[in-house]
Amino acid sequence: MPDATLPLSPPVFHVLLGLGDEVLHGYAIMQRFEALTGGEDQLLPGTLYATLSRMVEGGLIEEAEPPAGERSGGAPRRHYRVTETGRRLARAEGERMHRLVDIARRQDLLPESVR
């Protein structure tokens, strides 16, 4: 049965992918997501911080203590981790996207490199 909260907006899914199983601050989430996509996709600061706030309110992520030994050199940074709800929705979104890619593959809509 489809989840009523799907599809996730791209920024929400990107944050969940960027966080993975880590505890990261906002800028590190942006960097990690960009690295995961080989620089092909980005989270922009204006979108990221509003998205983080909504995701905390929605229970998809939660604030967390920074990893031991991490120092910001400035004002303390907020760190986040994915909640079980966030993980469940990320998995459901991945499955939804996988089904769509399968349809695109069957309709010969993908480049050779992804078939």
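Quick notes
- About its Cα centre, the dipole of segment 59-106 is roughly 280 debye, where the only charges are +1 on Lys and Arg Cβ and -1 on Asp and Glu Cβ.
- Helix 45-57 and the long axis of the chain differ in direction by around 90°, with both axes built from C-alpha atoms.
- In terms of packing, defined here as the mean over residues of other Cβ atoms within 10 angstrom, the peptides 95-103, 41-49 line up highest first as 41-49, 95-103.
- The C-alpha atoms of the chain define a longest principal axis, and helix 10-19 lies at about 60 degrees to it.
- For MET55, net neighbour charge (Lys/Arg +1, Asp/Glu -1) across residues whose Cβ lies under 14 Å away: 0
- Among the GluC sites (Glu not before Pro) found in segment 1-64, those both in a DSSP coil and sparsely packed, with 16 or fewer other Cβ atoms within 10 Å of their Cβ, are GLU22, GLU40.
- Residue-level accessible surface for SER113, protein heavy atoms, 1.4 Å, Å²: 110
- Hydrodynamic radius of the chain per Kirkwood, over alpha carbon pairs, in Å: 15.4
- Here, segment 34-73 is characterised by an Rg to Rh ratio of 1.06, where Rg is the alpha-carbon radius of gyration and Rh the Kirkwood radius.
- Relative contact order (percent, whole number), the chain, Cα cutoff 8 Å, 6+ residue spacing: 30
- Low-density loop positions, trypsin sites (Lys or Arg not before Pro), segment 4-82 - DSSP coil, at most 16 other Cβ in 10 Å: ARG71, ARG77, ARG78
- Using alpha-carbon coordinates, inclination of helix 26-36 to the longest axis of the chain, degrees: 30
- Rg and Dmax of segment 1-46, both derived from C-alpha coordinates alone, stand at 11.5, 35 Å.
The values are calculated or read from the model by the stated rules, or taken from the named source; none is laboratory data. Note that this is a predicted model, so its numbers are computed, not measured. Reconstructed Cβ throughout: ideal geometry from the backbone, glycine too, with neighbour counts over all protein chains shown. For the accessible areas, the whole protein counts, side chains as well, though only heavy atoms, and no ligand, DNA or RNA atoms are used. Shrake-Rupley method; radii C 1.70, N 1.55, O 1.52, S 1.80 Å.
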